[in-house]
Amino acid sequence: MTTTLQAANVRAPVRVVPAMAAQEGAGVLIHRALGMPMLPDLDPFLMLDEFKNDDPKAYMAGFPDHPHRGMETVTYMLAGAMSHADNQGNRGRLGPGDVQWMTAGRGIVHSEMPQQEQGIMWGFQLWVNLAAKDKMMKPRYQEIKADTIPAVARADGVRVKVIAGTFDGTAGPINGIGVDPTYLDVAVPKGGVFEHAVRDGYNAFVYVFDGTSVTVGEGDRARPVPRGSIAVLGPGDSVRLAAPASDARALLIAGRPLNEPVVKYGPFVMNTREQIFEAIEDFQSGRF
Ligand code: FE2
(Lines give C-alpha, C1' and ligand atoms only; values in the text may rest on other atoms or scores of the structure.)
Protein backbone atom coordinates (compact mmCIF):
# COMPACT_ATOMS: atom_id res chain seq x y z
CA MET A 1 0.00 0.00 0.00
CA THR A 2 2.81 2.37 0.92
CA THR A 3 4.52 1.52 -2.36
CA THR A 4 1.37 2.42 -4.30
CA LEU A 5 1.10 5.76 -2.53
CA GLN A 6 4.75 6.56 -3.24
CA ALA A 7 4.38 5.54 -6.87
CA ALA A 8 1.45 7.91 -7.27
CA ASN A 9 3.66 10.79 -6.18
CA VAL A 10 6.60 10.22 -8.50
CA ARG A 11 6.40 12.70 -11.33
CA ALA A 12 5.97 11.16 -14.76
CA PRO A 13 7.13 12.81 -17.98
CA VAL A 14 4.23 14.50 -19.76
CA ARG A 15 6.34 15.60 -22.73
CA VAL A 16 9.67 14.38 -24.08
CA VAL A 17 11.06 16.68 -26.76
CA PRO A 18 14.44 16.67 -28.53
CA ALA A 19 16.40 19.92 -28.39
CA MET A 20 16.43 21.77 -31.69
CA ALA A 21 19.59 22.96 -33.45
CA ALA A 22 19.69 26.74 -33.88
CA GLN A 23 22.09 29.67 -34.23
CA GLU A 24 22.29 32.37 -31.62
CA GLY A 25 24.39 35.44 -30.92
CA ALA A 26 26.72 36.19 -33.83
CA GLY A 27 26.39 32.65 -35.18
CA VAL A 28 27.00 30.25 -32.30
CA LEU A 29 25.56 26.79 -32.86
CA ILE A 30 23.35 25.76 -29.97
CA HIS A 31 20.67 23.20 -29.17
CA ARG A 32 17.50 24.70 -27.74
CA ALA A 33 15.62 22.43 -25.36
CA LEU A 34 13.13 25.00 -24.10
CA GLY A 35 11.90 28.13 -25.83
CA MET A 36 11.20 26.70 -29.28
CA PRO A 37 7.87 26.08 -31.06
CA MET A 38 7.53 22.53 -29.70
CA LEU A 39 8.00 23.75 -26.13
CA PRO A 40 7.73 27.54 -25.86
CA ASP A 41 8.21 27.80 -22.08
CA LEU A 42 7.55 26.21 -18.73
CA ASP A 43 6.67 28.93 -16.25
CA PRO A 44 8.91 30.42 -14.81
CA PHE A 45 11.50 29.06 -17.28
CA LEU A 46 11.68 30.70 -20.69
CA MET A 47 14.59 29.02 -22.43
CA LEU A 48 17.28 26.38 -22.07
CA ASP A 49 20.14 26.23 -24.56
CA GLU A 50 22.99 23.71 -24.61
CA PHE A 51 26.12 24.83 -26.43
CA LYS A 52 28.62 22.08 -27.17
CA ASN A 53 31.09 22.59 -29.95
CA ASP A 54 34.68 21.52 -30.55
CA ASP A 55 34.91 23.45 -33.81
CA PRO A 56 35.92 27.06 -33.01
CA LYS A 57 33.99 28.22 -36.09
CA ALA A 58 30.81 27.14 -34.31
CA TYR A 59 31.45 29.30 -31.22
CA MET A 60 34.13 31.96 -31.80
CA ALA A 61 31.69 34.68 -32.86
CA GLY A 62 30.16 34.59 -29.39
CA PHE A 63 27.35 36.80 -28.16
CA PRO A 64 28.38 40.44 -28.72
CA ASP A 65 26.60 43.33 -26.97
CA HIS A 66 22.89 42.69 -26.46
CA PRO A 67 20.34 43.87 -23.88
CA HIS A 68 18.16 42.05 -21.33
CA ARG A 69 15.28 43.31 -19.22
CA GLY A 70 12.72 41.66 -16.95
CA MET A 71 14.41 38.27 -16.70
CA GLU A 72 17.44 36.33 -15.50
CA THR A 73 20.09 34.40 -17.41
CA VAL A 74 21.90 31.47 -15.82
CA THR A 75 25.11 30.29 -17.47
CA TYR A 76 26.68 27.00 -16.39
CA MET A 77 29.95 26.03 -18.05
CA LEU A 78 31.08 22.42 -18.33
CA ALA A 79 34.14 22.97 -20.51
CA GLY A 80 35.94 25.95 -21.96
CA ALA A 81 35.78 29.56 -20.88
CA MET A 82 33.56 32.55 -21.51
CA SER A 83 33.98 36.16 -20.51
CA HIS A 84 31.23 38.64 -19.89
CA ALA A 85 31.20 42.40 -19.65
CA ASP A 86 28.26 44.74 -19.21
CA ASN A 87 27.56 48.43 -19.63
CA GLN A 88 27.64 49.00 -15.85
CA GLY A 89 31.24 47.95 -15.40
CA ASN A 90 30.66 44.35 -14.35
CA ARG A 91 33.27 41.95 -15.72
CA GLY A 92 33.87 38.29 -15.21
CA ARG A 93 35.23 35.07 -16.60
CA LEU A 94 33.50 31.73 -16.42
CA GLY A 95 35.64 28.59 -16.54
CA PRO A 96 34.71 24.91 -16.39
CA GLY A 97 32.12 24.23 -13.70
CA ASP A 98 31.47 27.92 -12.96
CA VAL A 99 27.98 29.43 -12.78
CA GLN A 100 26.73 32.95 -13.33
CA TRP A 101 23.18 33.79 -12.23
CA MET A 102 22.52 37.20 -13.74
CA THR A 103 19.37 39.07 -12.76
CA ALA A 104 18.90 41.63 -15.52
CA GLY A 105 16.10 43.47 -13.71
CA ARG A 106 15.46 46.88 -15.27
CA GLY A 107 18.18 46.33 -17.83
CA ILE A 108 21.75 45.63 -18.79
CA VAL A 109 23.63 45.48 -22.07
CA HIS A 110 26.30 42.81 -22.06
CA SER A 111 28.51 40.59 -24.17
CA GLU A 112 29.29 36.94 -23.60
CA MET A 113 32.39 35.91 -25.53
CA PRO A 114 34.46 32.71 -25.73
CA GLN A 115 37.89 32.97 -24.12
CA GLN A 116 39.48 30.18 -26.12
CA GLU A 117 40.50 29.67 -29.70
CA GLN A 118 40.44 25.91 -29.76
CA GLY A 119 39.08 22.92 -27.89
CA ILE A 120 35.60 22.19 -26.70
CA MET A 121 33.21 24.77 -25.35
CA TRP A 122 30.29 23.18 -23.52
CA GLY A 123 27.65 24.59 -21.25
CA PHE A 124 24.11 25.78 -20.77
CA GLN A 125 22.13 28.97 -20.61
CA LEU A 126 18.80 29.00 -18.83
CA TRP A 127 16.42 31.97 -18.89
CA VAL A 128 14.28 32.50 -15.83
CA ASN A 129 11.38 34.93 -15.72
CA LEU A 130 11.11 37.60 -13.03
CA ALA A 131 7.88 38.36 -11.17
CA ALA A 132 6.14 41.58 -12.19
CA LYS A 133 7.26 43.19 -8.92
CA ASP A 134 10.93 42.34 -9.64
CA LYS A 135 11.17 43.14 -13.33
CA MET A 136 12.55 46.65 -12.79
CA MET A 137 14.86 45.77 -9.90
CA LYS A 138 18.51 46.74 -9.87
CA PRO A 139 20.62 44.25 -11.86
CA ARG A 140 22.34 41.63 -9.72
CA TYR A 141 25.07 39.07 -10.37
CA GLN A 142 25.86 35.88 -8.53
CA GLU A 143 29.14 34.44 -9.80
CA ILE A 144 29.93 31.05 -8.38
CA LYS A 145 33.28 29.36 -8.90
CA ALA A 146 33.28 25.62 -9.56
CA ASP A 147 35.10 24.77 -6.31
CA THR A 148 32.41 26.45 -4.22
CA ILE A 149 29.56 24.47 -5.75
CA PRO A 150 28.85 21.58 -3.39
CA ALA A 151 29.11 18.12 -4.95
CA VAL A 152 27.28 15.38 -3.05
CA ALA A 153 28.75 11.94 -3.71
CA ARG A 154 26.49 9.16 -2.49
CA ALA A 155 27.70 5.68 -1.63
CA ASP A 156 25.68 4.24 -4.52
CA GLY A 157 27.68 6.27 -7.05
CA VAL A 158 25.13 9.02 -7.67
CA ARG A 159 26.86 12.43 -7.73
CA VAL A 160 24.96 15.68 -7.56
CA LYS A 161 26.28 19.22 -7.99
CA VAL A 162 23.94 21.53 -6.12
CA ILE A 163 23.81 24.88 -7.91
CA ALA A 164 20.47 26.02 -6.51
CA GLY A 165 18.07 24.38 -4.09
CA THR A 166 18.92 21.60 -1.66
CA PHE A 167 19.87 17.95 -2.13
CA ASP A 168 20.33 15.51 0.78
CA GLY A 169 20.57 18.47 3.17
CA THR A 170 23.22 20.28 1.12
CA ALA A 171 22.17 23.72 -0.13
CA GLY A 172 23.48 25.30 -3.31
CA PRO A 173 25.16 28.72 -3.30
CA ILE A 174 22.57 30.65 -5.34
CA ASN A 175 20.30 32.68 -3.07
CA GLY A 176 17.55 35.24 -3.06
CA ILE A 177 15.89 34.16 -6.31
CA GLY A 178 12.13 34.78 -6.32
CA VAL A 179 11.02 31.56 -8.02
CA ASP A 180 12.77 29.37 -5.41
CA PRO A 181 14.73 27.44 -8.04
CA THR A 182 16.27 24.01 -7.93
CA TYR A 183 19.19 23.56 -10.33
CA LEU A 184 20.98 20.22 -9.96
CA ASP A 185 23.58 18.56 -12.17
CA VAL A 186 22.91 14.87 -11.56
CA ALA A 187 25.29 12.07 -12.55
CA VAL A 188 23.78 8.59 -12.31
CA PRO A 189 26.06 5.56 -12.78
CA LYS A 190 24.91 2.72 -15.03
CA GLY A 191 22.30 0.78 -13.10
CA GLY A 192 21.88 3.57 -10.56
CA VAL A 193 18.80 5.46 -9.41
CA PHE A 194 18.41 9.06 -8.25
CA GLU A 195 15.37 10.20 -6.29
CA HIS A 196 14.67 13.69 -5.08
CA ALA A 197 11.71 15.55 -3.62
CA VAL A 198 10.43 18.41 -5.77
CA ARG A 199 7.54 20.36 -4.37
CA ASP A 200 4.16 19.61 -5.96
CA GLY A 201 2.88 22.66 -7.84
CA TYR A 202 6.37 23.66 -8.94
CA ASN A 203 7.18 23.17 -12.60
CA ALA A 204 10.09 20.84 -13.25
CA PHE A 205 12.03 19.40 -16.13
CA VAL A 206 14.97 17.12 -16.82
CA TYR A 207 17.47 17.66 -19.63
CA VAL A 208 19.74 14.71 -20.43
CA PHE A 209 23.17 15.84 -21.63
CA ASP A 210 25.46 12.84 -21.27
CA GLY A 211 25.12 9.09 -21.64
CA THR A 212 22.65 7.14 -23.76
CA SER A 213 19.43 7.93 -21.96
CA VAL A 214 17.78 8.41 -18.59
CA THR A 215 14.57 6.71 -17.57
CA VAL A 216 12.37 9.35 -15.96
CA GLY A 217 9.50 8.36 -13.67
CA GLU A 218 8.52 5.07 -12.12
CA GLY A 219 6.77 1.89 -13.17
CA ASP A 220 4.60 1.92 -16.27
CA ARG A 221 4.58 5.72 -16.34
CA ALA A 222 8.36 5.87 -16.76
CA ARG A 223 9.80 6.90 -20.11
CA PRO A 224 13.29 6.82 -21.58
CA VAL A 225 14.65 10.28 -22.31
CA PRO A 226 17.56 10.20 -24.76
CA ARG A 227 20.61 12.44 -24.53
CA GLY A 228 19.76 15.83 -26.00
CA SER A 229 16.09 15.65 -25.01
CA ILE A 230 14.06 17.42 -22.38
CA ALA A 231 11.36 15.80 -20.25
CA VAL A 232 8.65 18.02 -18.78
CA LEU A 233 7.48 16.47 -15.52
CA GLY A 234 3.85 16.10 -14.54
CA PRO A 235 2.38 16.54 -11.05
CA GLY A 236 3.82 14.78 -8.02
CA ASP A 237 6.26 15.50 -5.25
CA SER A 238 9.34 13.55 -6.26
CA VAL A 239 11.54 12.93 -9.26
CA ARG A 240 13.08 9.58 -10.13
CA LEU A 241 15.87 9.12 -12.65
CA ALA A 242 17.43 5.78 -13.59
CA ALA A 243 20.33 5.06 -15.93
CA PRO A 244 19.82 1.51 -17.19
CA ALA A 245 22.02 1.64 -20.30
CA SER A 246 25.11 3.71 -19.42
CA ASP A 247 26.44 6.27 -16.99
CA ALA A 248 24.33 9.36 -17.60
CA ARG A 249 24.10 12.98 -16.60
CA ALA A 250 21.14 15.32 -16.56
CA LEU A 251 20.05 18.71 -15.30
CA LEU A 252 17.07 18.72 -12.96
CA ILE A 253 15.53 22.18 -12.88
CA ALA A 254 12.42 23.23 -10.98
CA GLY A 255 10.77 26.41 -9.77
CA ARG A 256 7.63 28.09 -8.55
CA PRO A 257 5.46 29.22 -11.46
CA LEU A 258 4.68 32.94 -11.56
CA ASN A 259 1.25 32.61 -13.22
CA GLU A 260 1.54 36.11 -14.67
CA PRO A 261 1.08 37.28 -18.25
CA VAL A 262 4.26 37.01 -20.33
CA VAL A 263 4.99 39.30 -23.26
CA LYS A 264 8.36 38.51 -24.84
CA TYR A 265 10.33 40.40 -27.40
CA GLY A 266 13.73 38.75 -27.77
CA PRO A 267 15.66 39.46 -24.57
CA PHE A 268 12.93 41.69 -23.11
CA VAL A 269 10.41 39.75 -21.04
CA MET A 270 7.61 41.82 -19.55
CA ASN A 271 3.91 41.54 -18.64
CA THR A 272 2.32 43.90 -21.20
CA ARG A 273 2.94 45.15 -24.73
CA GLU A 274 3.28 48.70 -23.39
CA GLN A 275 6.15 47.59 -21.16
CA ILE A 276 7.86 46.03 -24.19
CA PHE A 277 7.56 49.29 -26.16
CA GLU A 278 8.96 51.11 -23.12
CA ALA A 279 11.89 48.63 -22.95
CA ILE A 280 12.72 49.15 -26.63
CA GLU A 281 12.52 52.92 -26.21
CA ASP A 282 14.66 52.88 -23.05
CA PHE A 283 17.25 50.66 -24.74
CA GLN A 284 17.37 52.77 -27.91
CA SER A 285 17.74 55.97 -25.91
CA GLY A 286 20.61 54.51 -23.88
CA ARG A 287 18.70 54.29 -20.60
CA PHE A 288 19.77 50.71 -19.76
FE1 FE2 B 1 22.86 37.66 -22.64
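Calculated mean residue ellipticity at 222 nm for the chain: -2000 deg cm²/dmol, from DSSP H runs with n ≥ 4 weighted as -39500 (n - 2.57), summed, divided by the residue count and rounded to 500. What is the sum of charges around residue 208, taking Lys and Arg as +1, Asp and Glu as -1, for the other residues whose C-beta is under 11 Å from the C-beta of residue 208? Overall, the nearby charge balance is 0.
Computed about the Cα centre, the dipole magnitude for segment 193-248 is approximately 140 debye when only Lys and Arg (+1) and Asp and Glu (-1) carry charge, each at its Cβ. Average accessible surface for the chain: 44 Å² per residue, computed with a 1.4 Å probe over protein heavy atoms with every protein chain in place. Descending by average beta-carbon neighbour count within 10 Å, the peptides 167-179, 35-47, 74-86 line up as 74-86, 35-47, 167-179, the highest first. About its Cα centre, the dipole of segment 140-288 is roughly 300 debye, where the only charges are +1 on Lys and Arg Cβ and -1 on Asp and Glu Cβ. Calculated translational diffusion coefficient of the chain (10 °C, 1.306 mPa s; Stokes-Einstein with Kirkwood radius over alpha-carbon pairs) equals 82 µm²/s.
Can you give the Rg/Rh ratio of segment 121-200, where Rg is from the C-alpha atoms and Rh is the Kirkwood radius?
Dividing the radius of gyration by the Kirkwood radius yields 1.01.
Among the GluC sites (Glu not before Pro) found in segment 1-89, not one is both in a DSSP coil and sparsely packed, with 14 or fewer other Cβ atoms within 10 Å of its Cβ. Once the Cβ-Cβ distance of residue 85 and residue 15 is raised to the sixth power relative to R0 = 41 Å, the FRET efficiency obtained is 0.65.
Note on segment 126-247: with neighbouring protein chains present and a 1.4 Å probe, carbon and sulfur make up 50 percent of its accessible heavy-atom surface.
Over its Cα atoms, what ratio of radius of gyration to 2.2 N^0.38 Å does segment 169-288 give? It is 1.35.
Stretched out straight at 0.36 nm per residue, the stretch from residue 22 to residue 54 would grow longer than its current Cα-Cα span by 9.9 nm.
Packing-based ranking of 54-62, 207-215 yields 207-215, 54-62, ordered from highest to lowest mean Cβ neighbour count within 10 Å. For the residue pairs 138/264; 52/133; 57/133; 135/190; 57/138, the alpha carbons lie more than 31 Å apart in 52/133; 57/133; 135/190; 57/138.
Between the C-alpha center of segment 252-288 and that of segment 8-38 there is a gap of 21 Å.
The values are calculated or read from the model by the stated rules, or taken from the named source; none is laboratory data. Predicted model, so just to flag it, every value in this text is computed and none were measured. Note that we place each Cβ from the backbone using ideal geometry, even for glycine, and neighbour counts take in every protein chain shown. Please note that ligands, DNA and RNA were not included when accessible areas were found on the heavy atoms of the full protein model with its side chains. Shrake-Rupley method; radii C 1.70, N 1.55, O 1.52, S 1.80 Å.
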